[in-house]
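The values are calculated or read from the model by the stated rules, or taken from the named source; none is laboratory data. Since the model is a prediction, treat every value here as computed from it, not as a measurement. Heads up, the Cβs are rebuilt from the backbone with ideal geometry, glycines too, and the neighbour counts pull from every protein chain shown. To get the accessible areas, we keep the full protein, side chains included, count just its heavy atoms, and leave off ligands, DNA and RNA. Shrake-Rupley method; radii C 1.70, N 1.55, O 1.52, S 1.80 Å.
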Amino acid sequence: MFPPSSASRECSPRHGLLPPHPPLHSYSRAGIQREVYVQGLFDKVAPEYEKMEGFMALGSGSRYRNQALHRAGLAPGDTVLDVGTGTGLLAREALALTGPQGCVLGIDPSPGMLNEVREPRLKLLRGSA
């Protein structure tokens, strides 16, 4: 066992911490209004989402997702649940690693995002988790 480092002491909780700030309802919506609002945002950007992701990730997103899933131990025949699947970017990489014996289910609350999924082998479900 290693002795505690100064970094671990600095990261330990301090006494007298304040609770989280309450929601600022004047700046955000609450309950079902928030869900509808957020879903609308994702529905609106869905057609351009993959172009934006490719630009922001400088084209490295697919490789990064594949490597991350591989390092996590995803193997042929595995079953994957992709929560917040969006347009299926991660789910497509999962399909590549799980192969024909695997199963990938993508779940997302945005119909707009799910309509942009271009992989017929993906099983899709509209919902939230």
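Below, the figures for the structure above:
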{"read-out": "Flag if Glu119 is touching a Leu at 6+ places or on another chain (Cβ under 8 Å) and assigned to a loop (DSSP other than H, G, I, E, B)", "value": "yes"}
{"read-out": "Some residue of region 29-37 being exposed (fewer than 13 other Cβ atoms within 10 Å of the Cβ) and part of a loop (DSSP other than H, G, I, E, B)", "value": "yes"}
{"read-out": "Matching residues in region 44-80 - criterion: being of a type in the set (Gly, Ala, Ser) and touching a residue at least 40 places away in the same chain (Cβ under 8 Å)", "value": "Ala46"}
{"read-out": "Among residues of region 108-129, those that are among the polar types (S, T, N, Q) and open to solvent by 70 Å² or more (accessible area, probe 1.4 Å), counted", "value": "2"}
{"read-out": "Test result for Thr85, in contact with a helix residue (DSSP H, G or I) (Cβ under 8 Å, 6 or more places away or on another chain) and in contact (Cβ under 8 Å) with a residue 24 or more places away in the chain", "value": "yes"}
{"read-out": "Residues of region 57-95 satisfying the condition of being among the acidic types (Asp, Glu) and farther than 24 Å from Ala46 by Cα", "value": "Asp78"}
{"read-out": "Residue list for region 88-107, filter: surrounded by 13 or more Cβ atoms within 10 Å (Cβ to Cβ) and farther than 15 Å from Glu53 by Cβ", "value": "Ala94, Leu95, Ala96, Leu97, Thr98, Gly102, Cys103, Val104, Leu105, Gly106, Ile107"}
{"read-out": "Candidates Thr79, Thr85 - the one that is at pLDDT 95 or above, among the polar types (S, T, N, Q) and open to solvent by less than 70 Å² (accessible area, probe 1.4 Å)", "value": "Thr85"}
{"read-out": "Residue list for region 55-72, filter: open to solvent by less than 50 Å² (accessible area, probe 1.4 Å) and not in a helix (DSSP H, G or I)", "value": "Ala57, Ser60"}
